[in-house]
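The structure appears right after this line, and notes come after that.
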Amino acid sequence: MLPSDHRPATLIPGGAVFPHRHLTGIAGLAPHEITFLIDEAEQWIDANRARAKSDKRLEGLTLINAFFENSTRTLLSFEIAGKRLGADVVNMGVNQSSVKKGETLIDTAVTLNAMRADVIVIRHGSSGAVQLIADKVDCPVLNAGDGSHEHPTQALLDALTIRRRRGSVAGQRVVICGDILHSRVARSNLLALTALAADVRMVAPSTLMPAGVERFGATAFTDFDAALDGADVVMMLRLQSERMNGAFIPSTREYHLRYGLTPERLARARPDALVMHPGPMNRGVEIVSSVADDPARSAITEQVETGIAVRMACLDVLTRRARGVDGWA
Ligand code: ASP
């Protein structure tokens, strides 16, 4: 079902405007909308490599980064993205938040709304929390990760990285290996990459594989070596210990033996296969340093770079309605 504010881009004078008010997930986005966001991000990569990086299109707007769960790269990435576009950026970390003092999510939303921000980026430990806040505030909301649900900007930056390195996403065999069950990165990537017609293989021990990945058009594997056959991209994920209650794997050593990416294992993929990881990495568990740090194969630092470009694009696109540009006047 399309959201109530959905308007096909083709019906809007001026063309490709993004019809959604918020970006809470990849779910609900049409393939051409995903492509639109990554096309928009493309322009910022060159701009970010220039010495003078600033563009003032968000000047006078306030961006609140409300992070109720720890983050290093995503928070910094949104902060840099907002500043490069000229926004006033305010960061609210988990340590300062009243949630620790028992405030409800609704009260948090009401408070954030009263601050009259122009765009709010939220990370929260509970799946669905970002949508709940988005429903209560007047400005666009971007999901920077909610529990094990979605992390849409990560999936967009991953798709952009794959497109830049491999020429396209369609037809690429992408193997995603790790704690699929608890990973919002896996979920958002499954949705984005299948929407863009990649051949997606999800790999995990059966205890860490959610039911029904086939329904989204992916293939599930418990045997990493078998899944690597013909892989164009190998995306490794961390064990999300903070979301596990109970034992899902016998030991990290055992896990590494079956699911760790080593040079020997990577040799089963195509000779030019790309290695990706959203970070933070647990070196020696899901990936060894000689693979992660191999500039010929690893796109891990490039993912960080495309991340800023994607976040700039999303901040720009979601504030266009308020700024009265691109079909929203
Ligand atoms: N940084 C990613 C996330 O926030 C991946 C991870 O934490 O493992 O979901």
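Condition check ((1) assigned to a helix (DSSP H, G or I); (2) touching a Lys or Arg at 6+ places or on another chain (Cβ under 8 Å); (3) within 24 Å of residue 306 (Cα to Cα)) across all residues:
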residue	(1), (2), (3)
170	no, no, yes
181	no, no, no
211	no, no, no
225	yes, yes, no
238	no, no, yes
245	no, no, no
Legend entry - Complete set of residues in the range 258-301 that are assigned to a helix (DSSP H, G or I), away from the ligand (no atom under 16 Å from the Cβ) and surrounded by fewer than 21 Cβ atoms within 10 Å (Cβ to Cβ): 258, 263, 264, 265, 289, 290
Inset, instruction - Go through the range 311-329 and give me each residue that's in a loop (DSSP other than H, G, I, E, B), surrounded by fewer than 19 Cβ atoms within 10 Å (Cβ to Cβ) and in contact (Cβ under 8 Å) with a residue 24 or more places away in the chain. - result: 326, 327, 328
Inset, instruction - Kindly list, by first and then second residue, each pair from a residue in the range 54-76 that is open to solvent by 80 Å² or more (accessible area, probe 1.4 Å) to a residue that is assigned to a helix (DSSP H, G or I) and within 14 Å of the ligand (Cβ to nearest atom), limited to pairs with Cβ atoms under 9 Å and residues at least 6 apart or on different chains. - result: 70/94; 73/304; 73/307
Inset, instruction - Might you check whether a residue that is closer than 21 Å to residue 107 by Cβ, within 16 Å of the ligand (Cβ to nearest atom), in contact with a helix residue (DSSP H, G or I) (Cβ under 7 Å, 6 or more places away or on another chain) and small (Gly, Ala, Ser) occurs anywhere in the range 135-144? - result: yes
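To keep it simple, each residue is scored yes or no on (1) more than 17 Å from residue 165 (Cβ to Cβ); (2) touching a residue at least 12 places away in the same chain (Cβ under 8 Å).
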| position | (1), (2) |
| --- | --- |
| 247 | yes, no |
| 255 | yes, yes |
| 289 | yes, no |
| 299 | no, yes |
| 309 | no, yes |
Legend entry - Sole residue being in contact (Cβ under 8 Å) with a residue 40 or more places away in the chain, surrounded by 20 or more Cβ atoms within 10 Å (Cβ to Cβ) and in contact with a Leu (Cβ under 6 Å, 6 or more places away or on another chain), chosen from 119, 200, 141: 119
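The values are calculated or read from the model by the stated rules, or taken from the named source; none is laboratory data. Note that the coordinates shown come from a computational prediction; the quantities given were computed from them, not determined experimentally. Positions of Cβ are backbone-derived with ideal geometry, glycine not excepted, and every protein chain shown enters the neighbour counts. Accessible surface is based on the protein model in full, side chains and every heavy atom, while ligands, DNA and RNA are left aside. Shrake-Rupley method; radii C 1.70, N 1.55, O 1.52, S 1.80 Å.
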